[in-house]
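The values are calculated or read from the model by the stated rules, or taken from the named source; none is laboratory data. Given the structure is predicted, the values throughout are model-derived calculations rather than measurements. Counting neighbours? That spans all protein chains shown, and the Cβs are built from the backbone with ideal geometry, glycine included. All accessible areas refer to the heavy atoms of the entire protein, side chains included, with ligands and DNA or RNA removed. Shrake-Rupley method; radii C 1.70, N 1.55, O 1.52, S 1.80 Å.
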Amino acid sequence: MNQRLFELLEKSRPVAARFQRPQGMQGSYISRRVGLGTEFSELREYLSGDDVRAIDKNVTARTGIPHVRVHAEEPDLNLYIAVDLSASGHFGSGTSKLMTAKIAAASILLSAEKEHIPLGLCLFTSTVEKFIPAGSGTSHLHLLLTTLAETDAKNSGTSIQNACCELASRIQKSSSIILISDFQDTHFASGLQLLGKRHRLSALRITDPGEFTLPDVGRIILEDPESGRQYMINTSSQEVRERFSAAAKDAENKCYSIFLSSGAQYVSLSTDGSCIQSLQKLFSRGV
């Protein structure tokens, strides 16, 4: 087995093994099922054990006999994992943001495959670098994990906007899509809305504690890994440290606002913590 794939699996399998479907959820946790379903099938008399929320009040009032609306369950959605490979992901106080993103992606793939959910993968930077259509089976899962582990980015920049538009054109069947990125690029609102017209979206934002707090270590040079620009700053200045933290918080709030306005689920995952709680939180919202 390729060493990079082996290392990724060694880190992802414990998370996937401990990852449990949220209590009370039935069937696949990535699904279009809502209550008794979303596609109307028939109207019949209420039976003991039926969901009382399905009672048709108008028919019940007219006939004097409780009736429920029965809906046929729709099939599970395909699941696509889209991972940002851009250069900003190489930052990390310990584990890099990129490795954290790959561990989260692999853990989701390993967990979802057990539910026999068709899985696809998209790896992107300023453009889509790898795209594998949804499929099923052990060999397909191996292809996804190998591609995730071994692909090196050709570009250093990021364009989530381009990735969203590309995914919207490539994925024709209504699917569940999880975007995994640090979302340093915040110019993607229209692309997200385009993608969200057909698909169910979730965002897993990878963060690192070092992005929110600047240590007092005197004058240092910071470099933007995507543009290569360098900045000399004085970290001994309290004002500089406060402005740094405020800018990081503003960026986080902007991301939150974009996803909130588009209806996408949004969860943050830190490089210094376990994936499990964040993934549980993501799926408990009905990904």
- Query: Is the range 137-155 home to any residue that is in contact with a Phe, Trp or Tyr (Cβ under 8 Å, 6 or more places away or on another chain) and open to solvent by 20 Å² or more (accessible area, probe 1.4 Å)?
  - Reply: no
- Just for the range 53-69: of the residues that are among the small types (Gly, Ala, Ser) and either assigned to a helix (DSSP H, G or I) or on the phi < 0 side of the Ramachandran plot (or both), which one is most open to solvent (accessible area, probe 1.4 Å)? Ala61
- Note on the structure: The correct count of residues that are in contact with a helix residue (DSSP H, G or I) (Cβ under 8 Å, 6 or more places away or on another chain), open to solvent by less than 40 Å² (accessible area, probe 1.4 Å), among the small types (Gly, Ala, Ser) and over 19 Å from Lys102 (Cβ atoms) in the range 158-202 is 3
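Tell me, which strands (runs of 3 or more DSSP E) wholly within the range 205-287 include 2 or more residues that are modelled with pLDDT under 90 and buried (at least 16 other Cβ atoms within 10 Å of the Cβ)?
The qualifying strands (runs of 3 or more DSSP E) are 265-270.
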- Task: Take the range 83-128 and flag every residue that is open to solvent by 10 Å² or more (accessible area, probe 1.4 Å), of a type outside the set (Phe, Trp, Tyr) and part of a loop (DSSP other than H, G, I, E, B).
- Result: Gly92, Ser93, Gly94, Thr95, Ser96, Lys114, Glu115, His116, Pro118, Ser126, Thr127
- Looking at this structure, is Ser202 touching a residue at least 40 places away in the same chain (Cβ under 8 Å) and among the hydroxyl-bearing types (Ser, Thr, Tyr)? yes
